[in-house]
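Written below as structure tokens is the structure these notes are about.
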Amino acid sequence: QVQLVESGGGLVQAGGSLRLSCAASGSIFSIYDVFWYRQAPGKQREFVAHIFSTGIIGYAGSVKGRSTISRDNARSTADLQMNSLKPEDTAVYYCNLRRGTYDYWGQGTQVTVSA
């Protein structure tokens, strides 16, 4: 079993930056693929970024060029650095770990970007 805790969200003005962090416990972090998703009120859950256990990285087009995903297997953490934030980035951001049939989610961290 894996437990995940997201942190780093908050209220920022448009153009600002945040660094979101996902801290994992309960298993060997390095074997999992890590995904960040976000969900705004009344909207579908949206893929943001991933970093696989192999190190392969991908981003949604909406955040590409403004965001950087990384992982530190020694600390069992994965971060999402978000720059040049826009009001449309406002959402609850969730960390997700996957490996085979295993699928774990954190509680989410709120990001609010004011115009």
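Among the residues of region 14-42, the ones that are open to solvent by less than 50 Å² (accessible area, probe 1.4 Å) and closer than 16 Å to Gly108 by Cβ come to 12 in all.
Restricting the first member to region 70-86 and to residues that are closer than 15 Å to Ser25 by Cβ, and the second to residues that are basic (Lys, Arg), the beta-carbon pairs closer than 9 Å and six or more apart or on different chains are Thr77/Arg71; Ala78/Arg71.
Here is the figure for region 43-57: residues that are open to solvent by 60 Å² or more (accessible area, probe 1.4 Å) and closer than 14 Å to Ala91 by Cα total 5. Leu11 meets each of the listed conditions (1) at pLDDT 95 or above; (2) part of a loop (DSSP other than H, G, I, E, B); (3) open to solvent by 20 Å² or more (accessible area, probe 1.4 Å); (4) more than 26 Å from Thr101 (Cα to Cα) apart from (2). Residue-level check: of (1) touching a helix residue (DSSP H, G or I) at 6+ places or on another chain (Cβ under 7 Å); (2) open to solvent by less than 60 Å² (accessible area, probe 1.4 Å); (3) in contact (Cβ under 8 Å) with a residue 60 or more places away in the chain, Thr112 misses just (1).
The values are calculated or read from the model by the stated rules, or taken from the named source; none is laboratory data. Here the structure is a predicted model, which means the values were calculated and not measured. Please note: Cβ atoms are built from the backbone with ideal geometry, for glycine as well, and neighbour counts cover all protein chains shown. For accessibility, only protein heavy atoms count, side chains too; no ligands or nucleic acids. Shrake-Rupley method; radii C 1.70, N 1.55, O 1.52, S 1.80 Å.
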